[in-house]
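Notes for the one structure printed next.
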Number of protein chains: 4
Amino acid sequence: MSKTRVGIINVTGYVGIELARWLYQHPGVELVSVTGRSAAGRKLGQIFPHLANIDLTVEASLGAVDLAFSAMPHGESAAEVIPLLDCGLKVIDMSGDFRLKDAGEYQVWYGHAHPAPHLLSKAVYGIPELHRKEIREAQLVANPGCYSTGAILALAPAAAAGIIEQDIIVDSKSGVSGAGRTLKLQSHFCEVDEDVCAYAVEGHRLMPEMVQEVGLVSRGPTPRITFLPHLIPMNRGILSACYANIIPAKLPGKNSQEAVRKIYADYFGNEPFVKVVDVPPHTKYTLGSNFCLIYPTIDPRTGKLIVISCLDNLGKGAASQGVQNMNVMLGLPETTGLNSPGLFP
Amino acid sequence: MSKTRVGIINVTGYVGIELARWLYQHPGVELVSVTGRSAAGRKLGQIFPHLANIDLTVEASLGAVDLAFSAMPHGESAAEVIPLLDCGLKVIDMSGDFRLKDAGEYQVWYGHAHPAPHLLSKAVYGIPELHRKEIREAQLVANPGCYSTGAILALAPAAAAGIIEQDIIVDSKSGVSGAGRTLKLQSHFCEVDEDVCAYAVEGHRLMPEMVQEVGLVSRGPTPRITFLPHLIPMNRGILSACYANIIPAKLPGKNSQEAVRKIYADYFGNEPFVKVVDVPPHTKYTLGSNFCLIYPTIDPRTGKLIVISCLDNLGKGAASQGVQNMNVMLGLPETTGLNSPGLFP
Amino acid sequence: MSKTRVGIINVTGYVGIELARWLYQHPGVELVSVTGRSAAGRKLGQIFPHLANIDLTVEASLGAVDLAFSAMPHGESAAEVIPLLDCGLKVIDMSGDFRLKDAGEYQVWYGHAHPAPHLLSKAVYGIPELHRKEIREAQLVANPGCYSTGAILALAPAAAAGIIEQDIIVDSKSGVSGAGRTLKLQSHFCEVDEDVCAYAVEGHRLMPEMVQEVGLVSRGPTPRITFLPHLIPMNRGILSACYANIIPAKLPGKNSQEAVRKIYADYFGNEPFVKVVDVPPHTKYTLGSNFCLIYPTIDPRTGKLIVISCLDNLGKGAASQGVQNMNVMLGLPETTGLNSPGLFP
Amino acid sequence: MSKTRVGIINVTGYVGIELARWLYQHPGVELVSVTGRSAAGRKLGQIFPHLANIDLTVEASLGAVDLAFSAMPHGESAAEVIPLLDCGLKVIDMSGDFRLKDAGEYQVWYGHAHPAPHLLSKAVYGIPELHRKEIREAQLVANPGCYSTGAILALAPAAAAGIIEQDIIVDSKSGVSGAGRTLKLQSHFCEVDEDVCAYAVEGHRLMPEMVQEVGLVSRGPTPRITFLPHLIPMNRGILSACYANIIPAKLPGKNSQEAVRKIYADYFGNEPFVKVVDVPPHTKYTLGSNFCLIYPTIDPRTGKLIVISCLDNLGKGAASQGVQNMNVMLGLPETTGLNSPGLFP
């Protein structure tokens, strides 16, 4: 049986490169076409020596494929995706262009009207742990933001159990690769190295995704999220600390710590890529993998729920979650090609 | 006029080394004696080549000084400090041994009864911006913890203005030097590099200092603080994000953003080392200096107060704050020897 | 057909952990037993969350296997390896205990007599690109040192072509994981971060391996190598710059640059893991892979040969080269389980 | 007595920022004017919060000063410097525009004819340890390159003693700040972090400075230098390993190790900023200081001379050496304002 042919639009950014790495190793599909504006005409291995064994030339436009990943930036991806959908292709969009259900939010957060609002209801938000069934039927999957994936997975069990109040704080720490490969002073080595800072204090565009998705599973009120991202001096990895007040009456039993842990363990059950862990996790243990580690606990003094989650922002936070979505869309076993442990140390 | 003679107990840890750097450059005092257990008998410059110009031999016990810094670890410092006090020396204790007013807290947080509870009321908590007057008269100053300094300075103006509710979250990110020079797996290069993790989730011993000090200045309720420290891959620097609910009725005027900024600007007025800044600050801008940068703001969507503070954990978070305290104790101009800008980049 | 059963002695060091990662993903063998002194009795995933999918308990001694990797430290490995050889097992020793042919060298470089000098002639030095044929027949393979692998691969083509003089300089820069997981001040985060230093200036024990192996392929004089290793602030990767004088009469043609590149390209021909590249390589392009990148050139002003090589010290410099050796020993296609590209960025 | 007024042209690069830090703290001069193209009109402290106490506005052109530092890039600095010289100002040029004596070299290494060849003989190469006397009389000092300073100081004693052969290898490892603040992919965080690479393999423009200066002091042949710079993931610091063959007949006594150390100790005698050390030095011990540490040794097996030197590329490798030159030019004690120890860790 011939393998499904897949392609990557804009392979030269960090998400595109990482998609190429995963897809090359994937036994169920064949990576047959990659595009990139400035690099068109060059062999992939000339630009990225570690990909030298992938015998592909970067093209100006996508060749014949059955499924395409768009790794174009926000605001530019929709224009690439729409014609592919019209041709009947399955598409996984790595940008934010199809993640929000409410078209009005695009004006607020991305500064422009959405070019195809009718597609927003067709697009499925690609966290398989939440939307596995819809992804199976989807033609278009909107792959979630890196921060959003970590925060949503950390908050979904508590929200679904209705045990938390409306006000939530998400304090996230991210490696620099999330800022992309485009040159900017904030990603200039000497400005980032040996530094930590908060940014987007006035509001970050991945926050509405969190509100939308946590709101969807919530059996309590629609969440109100204060989200503060930080940049820390490392390549990859996001760790988020989520804080919320427990509604004691909603928590069964006497030992709230234990009850919370049970809620989380039950929620994720046998999920292959989300692990509820016993000790506060390290991003290092997710490097290069599709894993998300989650540690829920109750502050013994203040009674607040603290949930710490971590993942690789280019892994479960982007490329490998895209591959997981692809597996679901193609009816392949969900873990196909995704079982490699992280790289340590 | 002869200069005041000062000494450092346990010069070989990171705080001791940094004290030596500051005191050597200080025009008003003379560093005349340094001690260190394992290094006794060696020239300071043999152990630390960058201190080669300080012509001192590490001693087993302190020579004749007028004022001593103890850079011993928590739990071991009191035993060094008590005899010095009996001899009438002025002492600045860099450890936690005299920071808490309630002796009972030592059992809870440090795991042992306090050896000299009667000294706790005499010791002054050494944040000059809060306790300048008492420090001037003190024989014993308890130099604050690194996390505590940043959090207390970030929260004091809001607490003193009575504009925040009781529940406060302090989410801090620290460089590794705060964990000291003692070997441990958590400070082993390959375990920390390219990693971020939360720790002491069950409770950190610097939290009660925050509650004590913010409580002292508070015109609202005694604060209840959820404190979560994180380790990030850099040498120096702490950035803290503090979250609290505003009590709207207490905030004057219509523009809460502006009102909050005015409260902070007024509180710190002409403080030489605490700067209220207009953009979210970077730890990098405090490296090697005695500065603390503070950015207060209101989340425009949730209305929560967010205060971001940063400092060098070995600077304003330890050694140079110790020198600032010394200046106050000795009646020297408070900025003496402390005016050097940070090192950038 | 049942898979070959393999085991790892001392899985808890960085080489052992990395072996577990590669072997778990290997389609031709089954990892069935792992040992570790302090961690015995614990599940692998409890100690290393990223290995949670490997369902093995760390044992005090090795279970039934067909082939064993010893990841014990130098000086302790031989004692583990010898009994396994007596039982007829195939063994790949990751330490230096069987790398040198001349037993006398162990006294000089390792400070003790070799416990089983008769085995030194039976052990095969495990660089498949040089000793493929002997490895195929070997019961015991001595897996090369990390620095040695990079330097030997960089120098072998020039030495084999007889184009260089005797005196060679190898200046190497290594990430910190090569220093192991044992706590020491030189691996303490704050001592290494933002630092570079040379060490073992008086002589490093991996140098005699280089002399032995480059000498074996040399058609010119026995090499005399000045080797200077440096520690740089990163986890993984070694880059070596090798300098030697060209013997002009031995270099064919007029364009020495071109002639040298042809010698290197011909030497490595279709080697799957050693790539002769057109631009100076980055260690980053080998992260987590079995690749070694080599860039030979002639300094246009001094006429000196400069060869720059790089690899992942835990990859081709240790664990994945061990797996490559295993493939050869077991008669499997040499690239089995080793094709994954490196992780970038 | 009024202080000498000094100014900085192009304060917004890393060298300019560091000059501002040193000059602000200098007791003998007053920093009165700073320029910068894009930042003109803004307060220094708005751009660089750590310089907030320097009450200066960035100007489009230099105000009235007695001595100016030009921190303009190579190729653009001469045009700024020449008019100042015509006005009779003393100038310290931080760029390469006046370092080479042979005007023809500018065509070779900088790709353009020199705009004012007649000034090359008037400019003094600003290493005070070599040219103190000429600097005292100079109107124009060409401040040396960062790599050049480390290599020249490492090689001068051996060359001056005539103990080394002509062929020299300089293998240098540098932090990223040497590449400047201008955005480029090679300084993009994720491309540099966890990476090491060699660059300028075909020839680096700081090499001819080394040949010129080592040649000037040499009592043996004009040196022929193979120079290979490397970029390593840290902000500041350069460590160079220099290799040369000893001419045994020129080395007095029987113990070559001791003889070499004596040559170095005698050469630098009481130099305040160059320290001959007993153990291989770390760049970390020079961070933020004007120190250069030098470790000469003989490889016991190959008899080669190895000299390891290190410094802060923005300190003794740029800004603080500029201040040292200024002190000499102004007749101030040479160590004025330069005595602060480095920052550790």
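Counting pairs of alpha carbon atoms under 8 Å apart in space and at least six apart in sequence, what relative contact order in percent does the stretch B:192-345 give?
Contact order relative to length: 22 percent.
Tell me whether the stretch A:188-307 comes out rounded, prolate or oblate; compute the Cα gyration tensor, take square roots of the eigenvalues as a ≥ b ≥ c, and use a/c under 1.5 as the rounded threshold. Prolate, since a/c reaches 1.5 and a/b exceeds b/c. With a Cα cut-off of under 23 Å and a minimum spacing of 8 residues unless on different chains, the lysine pairs in the stretch B:50-205 number 7. Electrostatic tally near C:Trp109: other residues with Cβ closer than 12 Å to its Cβ, Lys and Arg +1, Asp and Glu -1, net -2. Centre-to-centre, using Cα atoms only, the stretch B:98-177 and the stretch D:224-273 are separated by 51 Å. Label point of C:Leu185 set 7 angstrom out along Cα-Cβ; within the stretch B:12-45, amide nitrogens under 14 Å from it belong to B:12-14, B:17, B:36-45. Given R0 = 45 Å, the distance between the Cβ atoms of D:Leu330 and D:Ile247 translates into a calculated FRET efficiency of 0.65. The same position B:Gln166 in the other copies lies at 2.2, 8.4, 8.5 nm from this copy, comparing label points 7 Å beyond Cα toward the beta-carbon, shortest first.
Counted over the stretch B:168-313, the DSSP beta bridges are approximately 70% antiparallel.
Out of all DSSP beta bridges in chain A, what portion is antiparallel? Express it as a percent rounded to 5. Here the antiparallel bridges make up roughly 45 percent for chain A. Computed over chain D with a Gaussian network model linking Cα atoms closer than 10 Å, the most mobile of D:Glu194, D:Glu334, D:Glu76 is D:Glu194.
What does the C-alpha gyration tensor say about the overall shape of the stretch B:1-114? Classify as rounded when a/c is under 1.5, otherwise prolate if a/b is larger than b/c, or oblate. Note, shape of the stretch B:1-114 comes out prolate.
Taking every C-alpha pair closer than 8 Å and separated by at least 6 residues, the mean separation divided by the residue count of chain C gives a relative contact order of 17 percent.
For A:His118 and A:Asp278, a Förster radius of 35 Å and the Cβ-Cβ distance give a FRET efficiency of 0.15, rounded to the nearest 0.05. Grab the DSSP H runs of chain C that are 4 residues or longer, score each as -39,500 (n - 2.57), total them, divide by all residues and round the 222 nm result to the nearest 500 deg cm²/dmol. Helix-only estimate at 222 nm: -8000 deg cm²/dmol. Note on C:Gln166 and A:Asp266: the model spin-label points, each 7 Å out from Cα along the C-beta direction, lie 7.9 nm apart. When the Gaussian network model of chain B links Cα atoms closer than 10 Å, the mean-square fluctuations of B:Ala160, B:Ala142, B:Ala113 top out at B:Ala113. Across peptide D:278-290, the mean count of Cβ atoms from other chains lying within 10 Å of each residue's own Cβ comes to 6. Per residue, the Cα convex hull of chain C amounts to 140 Å³. Our coupling estimate for the stretch C:260-277, obtained by passing each phi through the Karplus curve with A = 6.51, B = -1.76, C = 1.60 and θ = phi - 60°, is 5, 5, 5, 4, 5, 4, 5, 4, 8, x, 9, 3, x, 10, 10, 10, 8, 10 Hz, Gly and Pro reported as x. Bridge orientation summary for the stretch D:1-67: considering DSSP beta bridges with both residues in this region, about 10 percent are antiparallel.
Grab the other residues whose beta carbon is less than 12 angstrom from that of D:Arg132, score K and R as +1, D and E as -1, and report the net. Value of the local net charge: -3.
Taking 21 Å as the straight-line reach from the Cα of B:Lys250, the lysines in range (excluding those fewer than 8 positions away in the same chain) are B:Lys262, B:Lys304. A point 7 Å from Cα along Cα→Cβ stands in for C:Arg37, and the other copies hold the same point at 2.4, 5.8, 6.2 nm, listed in rising order. For the protein assembly as shown, the orientation-averaged shadow of the C-alpha convex hull comes to 52.0 nm² (one quarter of the hull surface).
As a calculated quantity, the FRET efficiency between D:Ala200 and C:Leu216 at R0 = 35 Å, using C-beta atoms, amounts to about 0.55. Neighbouring Cβ atoms from other chains, within 10 Å of the Cβ of residues in C:39-46, number 1 on average.
Each label was represented as a point 7 Å from its Cα along the Cα-to-Cβ direction; for A:Arg301 and A:Tyr110 these points are 4.4 nm apart. With K and R counted +1 and D and E -1, the other residues having a Cβ less than 13 Å from that of C:Cys292 yield a net charge of -1. Here A:Asp86 yields copy-to-copy label distances, from shortest upward, of 6.4, 7.8, 9.1 nm, the label point defined as 7 Å from Cα along Cα to C-beta.
Quick note: the coordinates plus some simple rules give every number you see, no bench work behind them. Please read these numbers as outputs of a predicted model, since none were measured by experiment. Glycine also receives a Cβ, built like all others from the backbone with ideal geometry; neighbour counts cover every protein chain displayed.
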